[in-house]
Amino acid sequence: MVLLVEKAQEADIQRLLDIMYAAFSKDPWNRLMYPKIPGTEARGASIERWRDEISNNPTMRFIKAVDTDVGEIIAFARWNIYEMERPESEWKHTEARNWDLGTNVDAANEFYNAICVERQKVMGGKPHCCLNMLVCEPQHQRRGAGRMLLCWGLKLADGLGLEAYLEASSEGHHLYQSTGFVDVETLDIDMSKYGGHGIHHYFVMTRSPVG
């Protein structure tokens, strides 16, 4: 088995969404936000947003892990690389988001807005590398793809002398700790508001550059 990290292309978007929704189906909070995995025809909002990010956002890096034995993408990451200080008018602006068909819009908006608030509070406009998403197809987990995609971004952050930022689920928390991230805040979501049970915890984490 050989895994290769490459830049993702616009043609990969449907496969990336397959991986994202498969991974989300294993998490109780994500199952509340996305109670039904949308088919390819119902993913217009994500396709449009990601296509724009890949083509027009110079800070965005879509990175994929490919199993070269079968020629298939098994995991991917979305990094924002902010090399320059950003004005408050840019980083403090929370843009409204459209969602794929079948999404619990109220739950998704609550989570999205809460994440935006944390990023604004912790990082503001200072230069840093932000890991927006890191997901692996469930049947390919624990093969090292997630760590490879994480280390790709951390190597870039270290080379630029930049702090790194992310929000971690409980499942991914240990991986991020093992690469130098530390907790700075917690983000607690009351799942009972949307028919779930208990509080879902996310960890707001940062990492200082090494070297």
- Note on the structure: Flagged pairs (Cβ under 8 angstrom, 6 or more apart or on separate chains; first in the range 81-108, of a type outside the set (A, V, I, L, M) and outside any loop (DSSP other than H, G, I, E, B); second surrounded by 11 or more Cβ atoms within 10 Å (Cβ to Cβ) and at pLDDT below 95) are D106/Y194
- Item | Yes/no for E53 being more than 26 Å from R142 (Cβ to Cβ) and part of a helix (DSSP H, G or I) | yes
- Please give the number of the condition I199 fails out of (1) open to solvent by less than 50 Å² (accessible area, probe 1.4 Å); (2) at pLDDT below 95. (1)
- Looking at F24, is it among the aromatic types (F, W, Y), under 29 Å from G125 (Cα atoms) and either at pLDDT below 95 or surrounded by 13 or more Cβ atoms within 10 Å (Cβ to Cβ) (or both)? no
- Which of the residues belonging to the range 181-196 are over 13 Å from F111 (Cα atoms) and either open to solvent by less than 40 Å² (accessible area, probe 1.4 Å) or of a type in the set (D, E) (or both)? F181, D183, E185, G196
- Can you confirm whether the range 75-83 contains a residue that is open to solvent by 60 Å² or more (accessible area, probe 1.4 Å) and at pLDDT 95 or above? yes
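Of the residues that make up the range 97-113, is at least one open to solvent by 100 Å² or more (accessible area, probe 1.4 Å) and closer than 21 Å to V204 by Cβ?
No, every residue in the range 97-113 fails to be open to solvent by 100 Å² or more (accessible area, probe 1.4 Å) and closer than 21 Å to V204 by Cβ.
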- Search the range 20-35 for residues that are in contact (Cβ under 8 Å) with a residue 12 or more places away in the chain and pair each with any residue that is open to solvent by 40 Å² or more (accessible area, probe 1.4 Å) and part of a helix (DSSP H, G or I) when their beta-carbon atoms are under 6 Å apart and the residues are at least 6 apart or on different chains. L32/Y194
- Message: Can you list residue pairs whose Cβ atoms sit under 7 Å apart, with the first residue in the range 194-211 being more than 17 Å from K121 (Cα to Cα) and the second being among the small types (G, A, S)? Count only pairs 6 or more apart in sequence or on different chains.
- Response: Y194/A107; H201/S170; P209/A157; P209/G161; V210/G180
- In the range 138-176, the residues that are open to solvent by less than 40 Å² (accessible area, probe 1.4 Å), modelled with pLDDT of 95 or more and in a loop (DSSP other than H, G, I, E, B): L162
- Task: List the number of the failed condition for G211; all other conditions in (1) at pLDDT below 95; (2) open to solvent by less than 30 Å² (accessible area, probe 1.4 Å); (3) assigned to a loop (DSSP other than H, G, I, E, B); (4) small (G, A, S) hold.
- Result: (2)
- A careful count of residues in the range 120-137 that are part of a loop (DSSP other than H, G, I, E, B) and hydrophobic (A, V, I, L, M, F, W, C) gives 1
- Of everything in the range 185-202 that's part of a strand (DSSP E or B) and touching an Asp or Glu at 6+ places or on another chain (Cβ under 8 Å), which residue is farthest from N113 (Cα to Cα)? I199
- Item | Scope the range 56-74; condition farther than 24 Å from Y165 by Cβ and either among the small types (G, A, S) or open to solvent by 60 Å² or more (accessible area, probe 1.4 Å) (or both); matching residues | T68, D69, V70, G71, E72
- Query: If E48 passes every condition in (1) over 20 Å from A11 (Cβ atoms); (2) part of a helix (DSSP H, G or I); (3) open to solvent by 20 Å² or more (accessible area, probe 1.4 Å) but one, which one does it miss?
  - Reply: (1)
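The values are calculated or read from the model by the stated rules, or taken from the named source; none is laboratory data. Given the structure is predicted, the values throughout are model-derived calculations rather than measurements. Every residue, glycine among them, receives a Cβ derived from its backbone with ideal geometry; neighbour counts consider all protein chains shown. Side chains included, ligands, DNA and RNA excluded: accessible areas come from the protein's heavy atoms. Shrake-Rupley method; radii C 1.70, N 1.55, O 1.52, S 1.80 Å.
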